[in-house]
Amino acid sequence: NISENRPVIRQLDEAAINRIAAGEVVERPASAVKELVENAIDAGATRIAIDIADGGKTLIRVTDDGCGIAPEDLPLALSRHATSKIDGSDLLNIHTFGFRGEALPSLGAVGRLTITSRAPGAEAAQIRVAGGKMEPVKPAALRTGTVVELRDLFYATPARLKFMRTDRAEAQAISDTVKRLAMAEPSITFTLRDVSGGGEGRVVFRADRENGDLFDALHARLARILGREFAENALRIDATREGIRLYGYAALPTYSRGAAVAQFLFVNGRPVRDKMLTGALRAAYFDFLSRDRHPAAALFVDCEPTLVDVNVHPAKSEVRFRDPGVARGLIVSSLRHALAEAGHRASTTVAN
Ligand code: ADP
Ligand code: MG
């Protein structure tokens, strides 16, 4: 009987949809940390503290002093495709990290999530969701900002659990993620603690708010994260072409590395890994480096949000420029220029 074997089309329920989306957004503990820290940055935080236990597998807690969430908005923050960051009509003009409204519902679908928050003029409140099941909002005690606590990531999706690496490897990935985000936000104080043993824990990384102008603050933050040697060998880059600005620091060829481990690229403040951009970096150093060496740099590409599409993939950090040639040309020519000048300065110093 054909009708009995006929496949039936059903609408998936919200919990199933969230779990599927979580697979895209949350690959590993570090991706959860990225989402939560980006939310804190979007909330205007000046201090962000990240506590992790067991490589983030059992606990990730992000505490910020940002704008907070009003009690009546807490259930919305956990609902799919609910965001305070865009009005839906302007996907081409994105100024925040978030805009999809996917991170919190996804995390709540694959772990035990507790959000405690206080918005100015409102009482502090708390909401919990575990394995996609949301509990009612209740009163809480908190002076300011937001605390998001994620426990037992992937407990609801055992297949995912198996793909996690050692605590050490996951903790390393989290530390890399936090440092990358901290590079782009020198005016925010970041603290990453490992609280695996309980108690105060061990400080893994700390960067206090940097003062001064854009370049001084960035230079100080890079010295903190990449080391004094990078900072002392870094050339200041600042160039603009056709509405795209490139700025940051690129190291002298003598500071190059045997692997591409010290290349940090950002588009409108977002850490990206993009073939076109790393290709441009490589091309810029082509005449200055032997083939087995890799340049070290922390570079920021800023432009009107309409000139670049950051909507390509939620986790993959790809971007698409409306005119990739302009961005590439800007990187290649301004870095070559800076490197040639530095080389010229060096050789005239030797000659004198
Ligand atoms: P998105 O960041 O794409 O908007 P999220 O699921 O990450 O989606 O967050 C949903 C909403 O919850 C945000 O739009 C924001 O209004 C609120 N929110 C999340 N984290 C914070 C935070 N740390 N401080 C204040 N509001 C937050
Ligand atoms: Mg977000």
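Rule-based calculations on the coordinates, nothing more; no lab input. Just so it is clear, the model here is predicted, and its values are computed rather than measured. In this analysis, Cβ positions are derived from the backbone assuming ideal geometry, glycine residues included, and neighbour counts consider all displayed protein chains.
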- Could you pull out the longest piece of the chain with no exposed loop chymotrypsin sites (Phe, Trp or Tyr not before Pro) in it, calling a site exposed if DSSP puts it outside H, G, I, E, B and it has at most 14 other Cβ atoms within 10 Å? 1-162
- For segment 14-207: rounded, prolate or oblate by the Cα gyration tensor [a/c cutoff 1.5]: rounded
- Message: Under the 0.36 nm per residue contour assumption, what length would be gained going from the current alpha-carbon distance of I9 and D238 to full extension?
- Response: 76.9 nm
- Go ahead and set up a Gaussian network model of the chain, Cα springs under 10 Å, then flag whichever of G201, G121, G108 fluctuates most. G121
- Message: Taking amide H atoms as placed 1.01 Å from N in the peptide plane, list the residues 5 or more away in sequence, or in a different chain, whose amide H sits under 5 Å from that of A119.
- Response: I69
- Message: What do you get for the angle between helix 167-183 and the principal long axis of the chain? Use alpha-carbon atoms, 0 to 90 degrees, nearest ten.
- Response: 60 degrees
- Looks like segment 251-317, by Cα gyration tensor root eigenvalues a ≥ b ≥ c and the a/c under 1.5 rounded cutoff (else prolate when a/b is bigger than b/c, oblate otherwise), is prolate
- Note on segment 226-351, DSSP bridge orientation, antiparallel percent to nearest 5 equals 80 percent
- Note on the structure: Taking GluC sites (Glu not before Pro) as exposed when in a DSSP loop with at most 14 other Cβ atoms inside 10 Å, the chain has its longest clean stretch at 1-122
- Message: Quick check: the angle from helix 214-226's long axis to the longest principal axis of the chain, C-alpha only, nearest 10 degrees?
- Response: 80 degrees
- Spatially close lysines, pair count over the chain: Cα under 16 Å, gap of eight or more or interchain: 5
- Please determine, in degrees from 0 to 90 and to the nearest 10, the orientation of helix 14-25 with respect to the longest principal axis defined by the Cα atoms of the chain, where the helix direction is its Cα long axis. 20 degrees
- Query: In deg cm²/dmol, rounded to 500, what helix-only [θ] at 222 nm does the chain give when every DSSP H run of at least 4 residues adds -39500 (n - 2.57) and the total is split over its residues?
  - Reply: -10500 deg cm²/dmol
